[in-house]
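What follows is a short report on a single structure.
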Amino acid sequence: MLQLSTCSRSTFLALPAGIRSLLKPQTLALGRRYRSEDTSRRPLIIDGRSYPTDAWTNIPPPILDHYGRKLHVQPNHPLSITRKLIESCFPEFQHHNALSGVVTVDQNFNSLGFAADHPGRSRTDTYYINKDTLLRTHTSAHEVDVFRSNTSNGYTIAADVYRRDAVDRTHYPAFHQMEGALTWDRNHFKTTDDFLHHLSSALANFKPPNVEVEDANPPFHPERNPPQEKHHSPEEAELVGAHLKRSLEHMVVTIFTEADKALQSSGLELTAEDKDPLKVRWVESFFPHTSPSWEMEVWWRGDWLEVLGCGVIEQPLLIRSDVPSRVGWAFGLGLERLAMLLFGIPDIRLFWSKDSRFLSQFDENKPIRRFQPFSKYPAAPRDVAFWLPKSGPVVAETPAATSTAPSPAGGKQTEPTLDTAPAFHENDLMEVVRSTAGDSVEDVTCIDNFKHPKTGRQSLCYRVTYRSLEKTLTNEEANSLHEQIRQELVTRFGVELR
Ligand code: PHE
């Protein structure tokens, strides 16, 4: 759920909580004492609907400007082309591409069995409209509703999703995900053996993928990657898992074959790495809504890349969706990541570009071609160093992002609490940068993190790299943006500039 750039999350969580009291009420992590101010808050208008705001609200205007662009369905947009390519791998599925991005905490987290203390729920990671309503952080927010509608065995969902995140060439707070699921209704089979037989013959129908696949782990593991013993027999878990893996191997081979064709026909000089054949590897993983779970990684141009997460759907989720007799698998992936590989797009900001030099390069009726970068404008790096304010009670560290403890909440409504918000989080700084300089920033990296041995004060230094995709930024423009960011850091966090 959560990605940090170079500074570790724990560095920030170890900071004094007194900083919290210095934060501006409207935008940052707030203590309970600010609740009295809630009544003065103005509602947020999203998609023509008005939503009340409260102390949880943390959506800055630039995020709302992205809402509603629907890039994944824009004709000839690379994200739409990538979506269609994936849909073509699942011709029998129903494809949902127009689900609203405003969802409830229940849809996004509780219905999927997210633990009450899951870090993804925190205001440092998620854009809240108010305590109960947020901008979806993943397409899985719609799983229960789509399963409940029970209109097809298989579906895909493509949609814009939102996460407070780092600023760099592969992270953007608004991006797109696609997920898919396939379920079988046990009641459609006379006996359990009939169902298992059906799964086995479906598996036998898969052509072997023409790619090397590494799968070192057993189909499930009692501790590391448990089957749902209460609900699934070992044979069932194994067959559903195998069907999932074969389906997704077929999908990535389709995508990467297109990427490879685009590379071969690009006229670019190919390196040895470019010629390295694609490989697939399965790695055990954890998601609150699947078990067993895996991540698929692909070997592409000299690196193992995480492509998707998937697993056997948690049966309690299907029970909650009123389809208790169904069993199946689900996967989710980031569309930008695949589109960047497919077209060779170097910077995630480009997807939002309205520049015809970008948009005119993509045609959904033609074979995929590599993106030809238009002139790159010069980068203007500027550093900002500051002391964090000292004193104040220490904030307890929230569980690490990778915490994989299964949810004790198991889909029950959990009351969110503001007190879990850490005092200062790198994502808050990222947001100051984005809100001030928008898409003129390419990257923000922590380059120094120092604790004074005597005073115990903490100093941080960030390098902000300014580079517009559309024009050369003058020195004055870069300086002026940087100065605004410096001042904003003082006003919001009470830092002392160095
Ligand atoms: N929702 C998961 C995420 O955003 C991805 C996923 C979807 C995993 C479906 C398993 C099944 O990380």
* Output the number of residues of region 104-145 satisfying the condition of being within 15 Å of the ligand (Cβ to nearest atom) and open to solvent by 20 Å² or more (accessible area, probe 1.4 Å). => 4
* Evaluation of residue 152 against (1) open to solvent by less than 30 Å² (accessible area, probe 1.4 Å); (2) away from the ligand (no atom under 14 Å from the Cβ) (one fails), failing number -> (1)
* Residue count, region 299-348 (criterion: within 13 Å of the ligand (Cβ to nearest atom) and part of a loop (DSSP other than H, G, I, E, B)) -> 1
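Out of all the residues in region 305-313, is one or more of a type outside the set (A, V, I, L, M) and under 16 Å from residue 260 (Cα atoms)?
No, region 305-313 contains no residue that is of a type outside the set (A, V, I, L, M) and under 16 Å from residue 260 (Cα atoms).
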* Asked: In the list 38, 65, which residue meets the criterion of being open to solvent by 30 Å² or more (accessible area, probe 1.4 Å), modelled with pLDDT of 50 or more, part of a helix (DSSP H, G or I) and not small (Gly, Ala, Ser)?
  -> 65
* Structure fact -> Those residues of region 272-298 which are outside any strand (DSSP E or B), closer than 20 Å to residue 240 by Cα and more than 10 Å from the ligand (Cβ to nearest atom) amount to none
* Asked: In this structure, is residue 314 surrounded by fewer than 20 Cβ atoms within 10 Å (Cβ to Cβ) and among the charged types (D, E, K, R)?
  -> no
* Structure fact -> Among the residues of region 41-62, the number that are open to solvent by 60 Å² or more (accessible area, probe 1.4 Å), part of a loop (DSSP other than H, G, I, E, B) and either of a type in the set (Asp, Glu) or without any contact (Cβ under 8 Å) to a residue 60 or more places away in the chain (or both) is 4
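The values are calculated or read from the model by the stated rules, or taken from the named source; none is laboratory data. As the structure is a prediction and not an experimental result, all values here were calculated from the model. In this analysis, Cβ positions are derived from the backbone assuming ideal geometry, glycine residues included, and neighbour counts consider all displayed protein chains. Note: areas computed on protein heavy atoms with side chains; ligands, DNA, RNA excluded. Shrake-Rupley method; radii C 1.70, N 1.55, O 1.52, S 1.80 Å.
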